[in-house]
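Undergrad: Please see the structure below; I have some questions.
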Amino acid sequence: MRAPSNRTGGGGFFVAQAPPDDEPSPKDLVMTEQMTGAQSLIRSLEHAGVDVVFGIPGGAILPAYDPLYDSANVRHILMRHEQGAGHAAEGYAYATGRPGVCMATSGPGATNLVTPLADAHMDSVPMVAITGQVATPMIGTDGFQEADICGITMPITKHNFLVKRAEDIPRTIAEAFHIASSGRPGPVLVDIAKDALQATTGFAWPQKLDMPGYRPVTKPHGKQVREAARMIAEAHRPVFYVGGGVVRSGAAQELRVLAELTGAPVTTTLMARGVFPDSHPQNVGMPGMHGTVAGVGALQRADLIVALGARFDDRVTGRLDSFAPDAKIVHADIDPAEISKNRHADVPIVGDCREVIADLVVAVRNDQASGLQGEYEAWWSQLDRLREVYPLGYDAPDDGTLSPQQVIERLGANVGSDATYVAGVGQHQMWAAQFIGYEKPGTFVNSGGLGTMGFSVPAAIGAKVGDPDRTVWAVDGDGCFQMTSQELATAAIEQIPIKVAVVNNGNLGMVRQWQTLYYESRYSNTDLQTAPRDEKVRVPDFVRLAEAYGCVGLRCERAEDVDAAIDKAMAVEDAPAVVDFSVNHDAMVWPMVGPGTSNDNIQYARDMAPDWDDDED
Ligand SMILES: Cc1ncc(C[n+]2csc(CCOP(=O)(O)OP(=O)(O)O)c2C)c(N)n1
Ligand SMILES: [Mg+2]
């Protein structure tokens, strides 16, 4: 295989590069310098360009923590839970485009990484996890803190390695970074036996990787691209269905050119919010279970769907056998396994989205030069009608309590589109996707595929570490926040001034919404008591919790105080700030495509189906 070249932006080949002032010296290239496996691990991370590791030490990984103490290039951030370390590594990757790195000990340290590994796998986040393993003679004996983490994480990593010999460490680390960041990005786990970390070895950083079985296709096939361009011109109701792959490949610019050239509507998934500006007239909103009527309608009524780095997830398609019945499908993805997985692709295109879109631009221009041009006026009048009649909106609660949607809308309006918003999972996540205007790629970060409660705070920490000049807001739920709020200690002590908006509806709100709709309002085990309706006892009190962790704690309970609370949090520069927005308990997320139902049955509000207007061209 060819030697990796320097990675620029998302997608391409990552380069295990040395920091500029630390070029590998000739002695690195020959196995002369003797060191421990642990020292060689840290040296390898330096060569791979790693500047931050999120982790927690323990017995099996302890040898690695000793040389880490001396590293001038690698900062270690001590987290409070390994799950937090994994999500922080993901947040760092989102912010920088480079693999995030986390480190844990064997057994429980490693198993605590399972959730973030699965999360990164589902959402194609480049990440390298390094775990200590018991010494090789102990492997397979049920030794103290032994867990077969390679076996456990086989289905939730892009690849994993068990390293038993010190001399294999540099090559394995180089391969891990290459695999994590090339092709379809994903998590790679490197499990290193303690005796390999302790053994003495010579250090040599590989100048060339030899991985004959791994060769991701990035360059799309010209014939398929030309066919796709022709179909776009001939379609009457085309739509670009844009997913996270377009963000990963850094193709926002190219996408805008293609969209404007063709004049076709664009819908951006939960994973792609911001890659095409919300303010752009061709943006019809998000598709899916809580998408806009126009976004869902554009897919459902299309005669051509051009899927770019998207995977026909069930949350987008609704009931698959009734999804977009009249649409032909062009499906571009870097991972051939995605193509025709859920929906048959009439034109499959395997390649990096940036290259695919750039090639599509050329092909569309050529067609237009020879007079072949799409005509979508009737289509736009249908979609414009849906946008006009069924915009995103919400009613203010009639009991005078604070509206969660309003809190999130005001947050976006006050903080603006240069900030990064990192959501948890639940109603607040959907409102954050709906009511904040995203104009730039990577400004909305969330756990899409796995839907991991607890993602927000540690991922926000990682994002802030990766891009310290950017304002980072975690938009969290009262339930999610309680899963990883201990990482406030990390943020305070390591001086990572994130801001957290807890949308505190006192409940596992999204589950409660389903109980309201599908279980006759029988609220089994969803009341968290974080904001009880009648009494003032809050367990926990998030303001005091924040203060206990060395953060600024604020509370806001009235609509007229929302802007001031946001301003106050924005003014805090030297500490993390947490705002408890105590909001209405009953607000629901709309529109909604009920689970297992067809997109045709989208509800604009409860028991209110849109009138599709069947006047087709
Ligand atoms: C780790 C985990 N456990 C359970 C769930 C199921 N679940 C999805 S949303 C949700 C409620 C989240 O509550 P909260 O954080 O308060 O957000 P809200 O919906 O109220 O905005 C739950 C329990 C999940 N997604 N992840
Ligand atoms: Mg809640």
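The values are calculated or read from the model by the stated rules, or taken from the named source; none is laboratory data. All figures in this text were calculated on a predicted structure; none of them were measured in a lab. Every residue, glycine as well, gets a Cβ built from its backbone with ideal geometry; the counts of neighbours run over all protein chains shown. Note: accessible area is taken over every heavy atom of the protein model, side chains too, but ligands, DNA and RNA are not part of it. Shrake-Rupley method; radii C 1.70, N 1.55, O 1.52, S 1.80 Å.
Undergrad: Does Val445 satisfy being β-branched (Val, Ile, Thr), away from ligand 2 (no atom under 16 Å from the Cβ) and in contact with a strand residue (DSSP E or B) (Cβ under 8 Å, 6 or more places away or on another chain)? Full working, then the answer.
TA: Numbers: β-branched (Val, Ile, Thr): yes; away from ligand 2 (no atom under 16 Å from the Cβ): yes; in contact with a strand residue (DSSP E or B) (Cβ under 8 Å, 6 or more places away or on another chain): yes.
Taking the combined requirement at face value, the residue satisfies it.
Undergrad: Which of the residues belonging to region 107-133 are part of a loop (DSSP other than H, G, I, E, B) and either under 20 Å from Gly466 (Cβ atoms) or touching a residue at least 60 places away in the same chain (Cβ under 8 Å) (or both)?
TA: Within region 107-133, Leu113, Asp123, Ser124, Val125, Pro126 meet the criteria.
Undergrad: Return the residue satisfying two criteria in turn: it lies in region 210-254 and is of a type in the set (Ser, Thr, Tyr) and in a loop (DSSP other than H, G, I, E, B), and of such residues it is surrounded by the fewest Cβ atoms within 10 Å (Cβ to Cβ).
TA: Applying the filter and picking the extreme gives Tyr214.
Undergrad: Moving on to the next point. Quick one: is Arg555 open to solvent by 60 Å² or more (accessible area, probe 1.4 Å) and basic (Lys, Arg)?
TA: Yes, satisfied.
Undergrad: Quickly run through region 515-537 and pick out the residues that are exposed (fewer than 13 other Cβ atoms within 10 Å of the Cβ), at negative phi and within 11 Å of ligand 1 (Cβ to nearest atom).
TA: Hits for region 515-537: nothing passes.
Undergrad: Same structure again: Does region 455-500 hold any residues that are within 16 Å of ligand 2 (Cβ to nearest atom), open to solvent by 10 Å² or more (accessible area, probe 1.4 Å) and within 16 Å of the chain's Cα centre (by Cα), and which are they?
TA: None - no residue of region 455-500 is within 16 Å of ligand 2 (Cβ to nearest atom), open to solvent by 10 Å² or more (accessible area, probe 1.4 Å) and within 16 Å of the chain's Cα centre (by Cα), so the list stays empty.
Undergrad: Restricting attention to region 588-612, and to residues there that are hydrophobic (A, V, I, L, M, F, W, C) and open to solvent by 20 Å² or more (accessible area, probe 1.4 Å), which single residue is farthest from Ala492 (Cα to Cα)? Even if it seems obvious, please write down each step before you answer.
TA: Taking region 588-612 as the starting set, the residues that turn out to be hydrophobic (A, V, I, L, M, F, W, C) are 588-590, 592-593, 602, 605, 608-609, 612.
Restricting the remaining residues to those that are open to solvent by 20 Å² or more (accessible area, probe 1.4 Å) gives 588, 590, 605, 608-609, 612.
Details: Met588: 34, Trp590: 36, Ala605: 41, Met608: 46, Ala609: 47, Trp612: 51 Å.
Residue satisfying both the conditions and the ranking: Trp612.
Undergrad: Next up: Taking the residues in region 137-168 that are assigned to a helix (DSSP H, G or I) and closer than 20 Å to Gly213 by Cα as candidates, determine which candidate is most open to solvent (accessible area, probe 1.4 Å).
TA: Looking only at region 137-168, we keep the residues that are assigned to a helix (DSSP H, G or I), and these are 137-138, 149-156, 166-168.
If we keep only those that are closer than 20 Å to Gly213 by Cα too, we end up with 150, 154-156, 168.
On the way: Cys150: 18, Met154: 126, Pro155: 94, Ile156: 31, Asp168: 32 Å².
Residue satisfying both the conditions and the ranking: Met154.
Undergrad: Let me ask you something else. With the structure loaded, tell me whether Thr452 is under 19 Å from the mean Cα position of the chain (by Cα), more than 23 Å from Phe276 (Cα to Cα), among the polar types (S, T, N, Q) and assigned to a loop (DSSP other than H, G, I, E, B) or whether it fails that test.
TA: Taking the combined requirement at face value, the residue satisfies it.
Undergrad: For region 533-540, state whether one or more residues are under 19 Å from Phe581 (Cβ atoms), within 13 Å of ligand 2 (Cβ to nearest atom) and hydrophobic (A, V, I, L, M, F, W, C).
TA: No: region 533-540 contains no residue that is under 19 Å from Phe581 (Cβ atoms), within 13 Å of ligand 2 (Cβ to nearest atom) and hydrophobic (A, V, I, L, M, F, W, C).
Undergrad: Does Pro591 satisfy being away from ligand 1 (no atom under 14 Å from the Cβ) and either touching a Phe, Trp or Tyr at 6+ places or on another chain (Cβ under 6 Å) or within 30 Å of Asp384 (Cα to Cα) (or both)? Steps first, answer last, please.
TA: Values: away from ligand 1 (no atom under 14 Å from the Cβ): yes; either touching a Phe, Trp or Tyr at 6+ places or on another chain (Cβ under 6 Å) or within 30 Å of Asp384 (Cα to Cα) (or both): yes.
In short, yes.
Undergrad: (1) at pLDDT 95 or above; (2) away from ligand 1 (no atom under 16 Å from the Cβ); (3) farther than 30 Å from Val53 by Cα; (4) open to solvent by 20 Å² or more (accessible area, probe 1.4 Å): which one isn't true of Pro540, the others all being true?
TA: The one condition Pro540 does not meet is (2).
Undergrad: I've got another one for you. How many residues are within 9 Å of ligand 1 (Cβ to nearest atom) and more than 16 Å from Gly84 (Cα to Cα) when one looks only at region 402-446?
TA: Qualifying residue count, region 402-446: 7.
Undergrad: Which one is nearest to Tyr549 (Cα to Cα), of the residues in region 588-617 that are in contact (Cβ under 8 Å) with a residue 40 or more places away in the chain and part of a strand (DSSP E or B)?
TA: Ranking the qualifying residues of region 588-617, first place goes to Met592.
Undergrad: While we're looking at this one, here's another question. Being crowded, with 24+ Cβ neighbours inside 10 Å and part of a helix (DSSP H, G or I) narrows it down to one of Val296, Val257, Val275, so name that one.
TA: Answer to the selection: Val296.
Undergrad: Over 25 Å from Gly183 (Cα atoms), hydroxyl-bearing (Ser, Thr, Tyr) and touching a residue at least 12 places away in the same chain (Cβ under 8 Å): does that describe Thr292?
TA: Yes: the conditions hold for Thr292.
Undergrad: State whether the residues of region 479-489 include one that is within 9 Å of ligand 1 (Cβ to nearest atom), within 22 Å of Arg315 (Cα to Cα), free of Cβ contacts under 8 Å to residues at least 60 places away in the same chain and in contact with a Cys (Cβ under 9 Å, 6 or more places away or on another chain).
TA: No; the residues of region 479-489 include none that is within 9 Å of ligand 1 (Cβ to nearest atom), within 22 Å of Arg315 (Cα to Cα), free of Cβ contacts under 8 Å to residues at least 60 places away in the same chain and in contact with a Cys (Cβ under 9 Å, 6 or more places away or on another chain).
Undergrad: Being in contact with a His (Cβ under 7 Å, 6 or more places away or on another chain), within 15 Å of ligand 1 (Cβ to nearest atom), open to solvent by less than 30 Å² (accessible area, probe 1.4 Å) and in contact (Cβ under 8 Å) with a residue 12 or more places away in the chain is true for just one of Gly449, Gly506. Which residue is that?
TA: That would be Gly506, the only listed residue that is in contact with a His (Cβ under 7 Å, 6 or more places away or on another chain), within 15 Å of ligand 1 (Cβ to nearest atom), open to solvent by less than 30 Å² (accessible area, probe 1.4 Å) and in contact (Cβ under 8 Å) with a residue 12 or more places away in the chain.
Undergrad: Only one of these conditions is not met by Ser340: (1) touching a residue at least 12 places away in the same chain (Cβ under 8 Å); (2) farther than 19 Å from Ala259 by Cβ. Which number is it?
TA: Unmet for Ser340, out of (1) touching a residue at least 12 places away in the same chain (Cβ under 8 Å); (2) farther than 19 Å from Ala259 by Cβ: (1).
Undergrad: Moving to a separate point now. Regarding region 514-524, can at least one residue be identified that is in contact with a Gly (Cβ under 6 Å, 6 or more places away or on another chain) and within 16 Å of ligand 2 (Cβ to nearest atom)?
TA: Scanning region 514-524, I find no residue that is in contact with a Gly (Cβ under 6 Å, 6 or more places away or on another chain) and within 16 Å of ligand 2 (Cβ to nearest atom), so the answer is no.
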